[in-house]
1. Set the Förster radius R0 to 45 Å, insert the Cβ-Cβ distance between residue 98 and residue 440 as r into 1/(1 + (r/R0)^6), and round the FRET efficiency to 0.05.
2. What nm distance separates the two modelled labels at residue 49 and residue 291, each placed 7 Å from Cα along Cα→Cβ?
3. Once the dipole of segment 87-158 is set up with Lys and Arg at +1 and Asp and Glu at -1 on Cβ about the Cα centre, which of 147, 115, 98 lies farthest towards its positive end?
4. What ranking do 193, 430, 309 get, fewest neighbouring Cβ atoms within 10 angstrom at the top?
5. Take residue 362, project a point 7 Å from its Cα along the Cβ direction, then tell me which residues of segment 22-47 have their backbone nitrogen under 17 Å from it.
6. For the chain, what ratio Rg/Rh do Cα atoms give with a Kirkwood hydrodynamic radius?
7. Could I have the simple spin-label model distance between residue 417 and residue 274, label points 7 Å from Cα toward Cβ, reported in nm to one decimal?
8. How much mean residue ellipticity at 222 nm does the chain get from its helices, if each DSSP H run of length 4 or more adds -39500 (n - 2.57) and you divide by all residues, to the nearest 500 deg cm²/dmol?
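What follows is calculated from the coordinates using simple rules that are stated; it is not laboratory data. Please read these numbers as outputs of a predicted model, since none were measured by experiment. All Cβ positions, glycine included, derive from the backbone under ideal geometry; neighbour counts span all protein chains shown.
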Amino acid sequence: MPPRARTPPSADAHRVVIVGGGAGGLELATRLGDTLARRGRVRVTLVDRNRTHVWKPKLHEIAAGSMDLGLHAVGYIAQAHWHGFEFRLGELYDLDRARRMVRLKAYRDAAGREVIPASEVPYDTLVLSVGSLCNDFGTPGVAEHALRLESQTDAKAFHTWLIDACLRAQTQSAPLQPGQLQVAIIGAGATGVELAAELHRSVREVVSYGLNRIDPTRDLRVTVIEAADRILPALPERLSAAATALLRGSGVQVLTCARVAAVSADGVRLEDGRELPAELVVWAAGVKAAEFLRDLGGLETNRINQLMVLPTLQTTRDPDVFALGDCAACPWPEAGEGRTPFVPPRAQAAHQQASHMLAQMRLRLAGRPLRPYRYRDFGSLVSLGRYSTVGSMMGGLIGGSMMVEGAFAKLMYLSLYKMHELALHGWLKVSLDTLARTITRRTEPHVKLH
């Protein structure tokens, strides 16, 4: 994909630095590069500590092996070259607002050797889009013994465990030990439920490739643990009930009204005293922003480390620093009774805010007043596996709300990822990549085996 012809930025071009190459950050960098940077009006720099981007809602598929990371990861260096922005590999650790500088740690390889020295990057407009993490609420043993699905590294580690666990069970002479091939997933929001459903299918795919000593129905046990009185508590009760029935019908154990007291190397202990043996524990409950944001440049944060922002997406203490996506506590006046007054941490919010931020930059360069962002709630979609019903709730599209299930909901779920790809690559590349993946899928295993 050759880069488009563009005007080189002038020495006094407005410097936009975006920290965080997730859905919102990378979409914003790409669109700024294709428009304002292409005409030489801004100089855009994207900073991320990873070399590649993957859409976070797909991490459960990478973990289960039903999606090949190599076919879907977006390389930041190539994306920057094609779309007219600069990429800096590094991790933000400090912000000097007086000098308008972001400070990056030195980047080191796996052996500890310095690859890129510590540096400072100047900005005129700074956009923080560093995403979110799981919130373990201080539960004992989570940090030491539980895996989280927060990054590509986590998803790859889970998949490696899955394949190794199957190979170990296939080749050992002794019977399976208590907890062996058992997974406990703590948190029955979208991530936990989708991972449980995906595991149901992918493990059966794995053992079908000659691992005949494993009976997935008998030997594999996946348990979903939820503190609320039902799974998917953010969705309508009808869809929650349908998802529960489907998971249980697939052999997934669903525990509700179950609070976790501690996690150990052998499994999970609940507050009511029950012990659940498990070879792997996944923590998928709660959301918070990264801890370093709490002390970053004196910016205001809330109790879960999110940056407090105005409706314009500007942080409350610095009009030159913006925040979007999961790390931003953005007001949502239309939330309604019983809902948090802030925009929920969803991929659709990051996508909308990236588009709004592009318009804000045009106004900012023109010296005009900025406009408030208004979140449009299009509902939630939850995948229950490739061959299973997908439940969803659509709100805001028809002036009210509508519940959809089955093939139509599945199509809508797939379209969300395609919208993200289109924002990054355009119709031609997305069409060709989709065709290539379809062809490749007919000649390779439907689950990643390595």
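1. The pair residue 98/residue 440 has a calculated efficiency of 0.30.
2. Rounded to a tenth, the inter-label distance reads 1.1 nm.
3. Comparing the listed Cα positions along the dipole, 98 ranks first.
4. 430, 309, 193
5. 28-42
6. Rounded to two decimals, Rg/Rh equals 0.97.
7. 3.3
8. Calculated from helices alone, the mean residue ellipticity at 222 nm is -10000 deg cm²/dmol.
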